[in-house]
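The values are calculated or read from the model by the stated rules, or taken from the named source; none is laboratory data. The model shown is predicted, which means the values in this text are computed figures rather than measured ones. Ideal geometry is used to build each Cβ from the backbone, glycine not excepted, and the neighbour counts take in all protein chains shown. Accessible surface areas use protein heavy atoms only, side chains included; no ligands, DNA or RNA. Shrake-Rupley method; radii C 1.70, N 1.55, O 1.52, S 1.80 Å.
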Amino acid sequence: MTQTIRSVAILGGGFMGAGIAECAAVAGLPVIIRELPAYLDGARTRLEKSLESTVKRGKLDPDKRDAALARITFTSELKDVAGSDLVLEAVPENLALKLSIMKELNEIVSEDTILASNTSSIPIAELGGAVSHPGRVVGLHFFSPVPAMKLVEIVRALDTSDETMVTAEAFVKELGKHAIVTKDRAGFIVNFLLTSYLMGAVRMYEEGFASREDIDTGMKLGAGHPMGPLQLCDFIGLDVLQAVCTSMFDEFKRPEYAPPPLMSRMIAAGRLGRKSGRGFYDYTQ
């Protein structure tokens, strides 16, 4: 029987988790954000700033912003998500962490609660194997920044039920997003095509073939891309990209997915992109 999502819980209040929570709250759904105590205030501030920015740009009325904020509850207790119809994890891209969370959720939520993951590369089937009734486990891969990006990849694992897929598609539509459906393999649709392109640009820069500016300008003016590949790497985050590329290389063993050595050096130096102030470009000014 197809389920209607009337309440949502988001695990993780980072850039992605807060963005998903914002979209759900603006769409009229009660939302719980569960975050570790040390990061709870940061999650609240991040979400409030994002909504305020939306109001300043004229995309949202102040009254609707206030109503959305009133629908959001913040907690550091995982047990508080027990009554939600859909629980979506948006924690860091770490398999052991995600599996641990799924196992904990299995003991907390009811057997018909839909469990979703915002992973961009980890197999949904593996996460589903950590819970009873794996037919309720689905991938919901949002794109950054979530409030602005219209696409959501719905990832169907081997055991994901038809009912879960229908419910997931209806939920994505309710958020005002466009859903595309993909099989459960590393990278799904977008990252499978995107990462080899981005890593090719990093290798080109690493080898001194062209300057970062000319690589980016070439793709913007020559291919009509809104953002150059090295700029996009900085926007996504080099640490996030490395995790995605490593997962894809592990699955497919194709060299175009292997992160170039330069990325590892940059990550080690704390140059993660926009979020750290420096990546291929300097954002500190």
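Checking the cross-link pairs LYS59/LYS177; LYS59/LYS150; LYS150/LYS173; LYS79/LYS177; LYS79/LYS103 against a 20 Å limit on the alpha carbon distance flags LYS79/LYS177 as lying beyond it. Applied to segment 163-180, the Karplus parametrisation 6.51 cos²θ - 1.76 cosθ + 1.60 on θ = phi - 60° returns per-residue 3J(HN,Hα) values of 5, 5, 5, 4, 5, 5, 5, 5, 5, 4, 5, 4, 7, x, 9, 9, 9, 10 Hz, with x for Gly and Pro.
Computed over the Cα atoms of the chain, the ratio of the radius of gyration to the Kirkwood radius (Rg/Rh) comes to 0.97. Under 1.5 on a/c is rounded, so check that first for segment 187-285, then, if it is not, pick prolate when a/b is larger than b/c and oblate when it is not; a ≥ b ≥ c are the square roots of the alpha carbon gyration tensor eigenvalues. Taking the square roots of the gyration eigenvalues as a ≥ b ≥ c, segment 187-285 is oblate. Solvent-accessible surface of the chain, averaged per residue with a 1.4 angstrom probe and all protein chains in place: 48 square angstrom. The H on the amide N of GLN3, modeled in the peptide plane, is under 5 Å from the matching H of THR167, each at least 5 residues off or on a different chain.
For the chain, a simple Cβ point-charge model (Lys and Arg +1, Asp and Glu -1, everything else neutral) yields a dipole of about 640 debye relative to the Cα centre.
Write down the percent of antiparallel bridges among all DSSP beta bridges whose residues are both part of segment 72-184, to the nearest 5.
Values: 4 of 17 bridges.
Given both bridge residues lie in segment 72-184, the antiparallel proportion sits at roughly 25 percent.
Roughly speaking, what is the centre-to-centre gap between segment 55-82 and segment 20-39 when only Cα atoms are used, to the nearest Å? After rounding, the separation between the Cα centres reads 6 Å.
What is segment 17-57 by shape, rounded, prolate or oblate, if you read a ≥ b ≥ c off the alpha carbon gyration tensor as root eigenvalues and call it rounded for a/c under 1.5, prolate for a/b larger than b/c, and oblate otherwise? Oblate shape, in that a/c is at least 1.5 and b/c is the bigger or equal ratio. Residues whose amide H falls under 5 Å from that of ILE32, counting only those 5 or more places apart or on a different chain, are VAL8, ALA9, ILE10, THR73, with hydrogens built in the peptide plane.
All other residues with a Cβ under 15 Å from the Cβ of VAL109 taken together, and with Lys, Arg as +1 and Asp, Glu as -1, what is their net charge? For residues surrounding VAL109, the net value is -3. Determine the percent antiparallel among the DSSP beta bridges restricted to the chain, to the nearest 5. Restricted to the chain, the bridges split so that about 20 percent are antiparallel. Spacing of the modelled spin labels on PHE209 and THR75, each 7 Å from Cα toward Cβ, amounts to 5.1 nm.
If each residue of separation counts as 0.36 nm, what is the full-extension length gain between LEU151 and THR4 once their alpha-carbon separation is subtracted? Present the calculation step by step, with values, prior to reporting the outcome.
Details: separation 147, 0.36 × 147 = 52.92 nm, distance 2.08 nm.
Gain on stretching LEU151 to THR4: 50.8 nm.
Whole-Hz Karplus values for segment 126-138 come out as 5, 5, x, x, 8, 10, 6, 6, x, x, 8, 9, 8 Hz, taken residue by residue from phi with 6.51 cos²θ - 1.76 cosθ + 1.60 and θ = phi - 60°; glycine and proline positions read x. In the chain the longest region clear of GluC sites (Glu not before Pro) that are loop-assigned by DSSP and have at most 11 other C-beta atoms within 10 Å covers 112-206.
Amide hydrogen proximity for LYS177: with H placed 1.01 Å from N in the peptide plane, no residue at 5 or more positions away or on another chain lies under 5 Å. In this simple spin-label approximation, SER264 and LEU221 carry label points 7 Å from Cα along the Cα→Cβ vector, and these lie 3.6 nm apart. Give, as ranges by residue number, the residues of segment 97-125 whose backbone N falls under 12 Å from the point 7 Å along Cα→Cβ of GLU251. It comes to 119-125, nothing else.
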